[in-house]
């Protein structure tokens, strides 16, 4: 049955089953913990967010005080405030699943033995960043998060309408600056490559907060507008036009939708009007009311 559904429908089906969501998130936590103990520790990198801050605190205690502090204790303590933000402002199921990811990742990181695949720091930075981005994307697709700054980013994006990129960038810059001053700038610079690769991977795999603009030239504008609303809960504007060659009257449907829903909308438009002409392009920024599906 899953093979007959498109990508968005398969993900929606998974989200409606808490057991499946929890299982997928558990697999993502295993991927994250394996990445930390296989790539991150081998190169001594400091990823962004709560993970990077946890590893930085661990390194400080080990190098300056000779104390080995479990990853679990530090990571859960650092995530306590973001978890509170999640429960209060974002969604209880969302935060509960995120807590499961945080706790399971922390415990697995402490118990999975270190394993060195390669000692090439550049390869580690690239492929470790890809694994990190994949694990985070899986969580986000299941309406959960890896914790830390992800909670802050979602809160600022959904509740305050603030572009959270600069806030997260500032937090990560502080972590890398501290790591560079204490443990060497080479680790900090390679960590930037790791973070860039991770962010690029998330950008490819997770598209909820990306938008696509549609310009659709059609003779069945009302039906297409209705279909867009039914699929995405987004409205549309009908513009009157005239074909420059045939001088026939045409309507242009203008709408901005989530990138994750754009493929399904394009298919439905072609079903309604096979002769429709569509122009789709990425939208850099939307100012005003834009519907985001609520997080449970």
- Task: Would you point out the residue of the stretch 59-75, among those that are in contact with a helix residue (DSSP H, G or I) (Cβ under 6 Å, 6 or more places away or on another chain) and surrounded by 12 or more Cβ atoms within 10 Å (Cβ to Cβ), that is nearest to residue 43 (Cα to Cα)?
- Result: 71
- Message: Looking for something farther than 19 Å from residue 52 by Cα, assigned to a loop (DSSP other than H, G, I, E, B), touching a helix residue (DSSP H, G or I) at 6+ places or on another chain (Cβ under 6 Å) and modelled with pLDDT under 85 - is there at least one such residue anywhere in the stretch 91-102?
- Response: no
- Of the criteria (1) surrounded by fewer than 14 Cβ atoms within 10 Å (Cβ to Cβ); (2) in contact with a strand residue (DSSP E or B) (Cβ under 9 Å, 6 or more places away or on another chain), which one residue 203 fails: (2)
- Any residue at all in the stretch 157-173 that is crowded, with 21+ Cβ neighbours inside 10 Å and out of contact with any helix residue (DSSP H, G or I) (no Cβ under 6 Å at 6 or more places or on another chain)? yes
- Message: Just to verify a result, which residue in the stretch 212-224, among those that are surrounded by fewer than 20 Cβ atoms within 10 Å (Cβ to Cβ) and touching a helix residue (DSSP H, G or I) at 6+ places or on another chain (Cβ under 7 Å), is nearest to residue 245 (Cα to Cα)?
- Response: 220
- Query: List the pairs whose first member sits in the stretch 172-184 and is over 12 Å from residue 60 (Cβ atoms), whose second member is outside any helix (DSSP H, G or I) and at pLDDT below 85, and whose Cβ atoms are under 6 Å apart, counting only residues at least 6 apart or on separate chains?
  - Reply: 172/48
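Only strands (runs of 3 or more DSSP E) wholly contained in the stretch 168-265 count here; list those with 2 or more residues that are under 30 Å from residue 43 (Cα atoms) and assigned by TED's automatic domain parsing to the domain that holds residue 61.
Working: elements: 211-218, 237-242, 249-258.
Output list is empty.
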- Message: Testing residue 73 on (1) at pLDDT 85 or above; (2) under 20 Å from residue 205 (Cα atoms), one condition comes back false. Which one is that?
- Response: (2)
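The values are calculated or read from the model by the stated rules, or taken from the named source; none is laboratory data. Bear in mind the structure is a predicted one, so any value in this text is a computation, not a measurement. We place every Cβ from the backbone using ideal geometry, glycine too, and count neighbours over all the protein chains shown.
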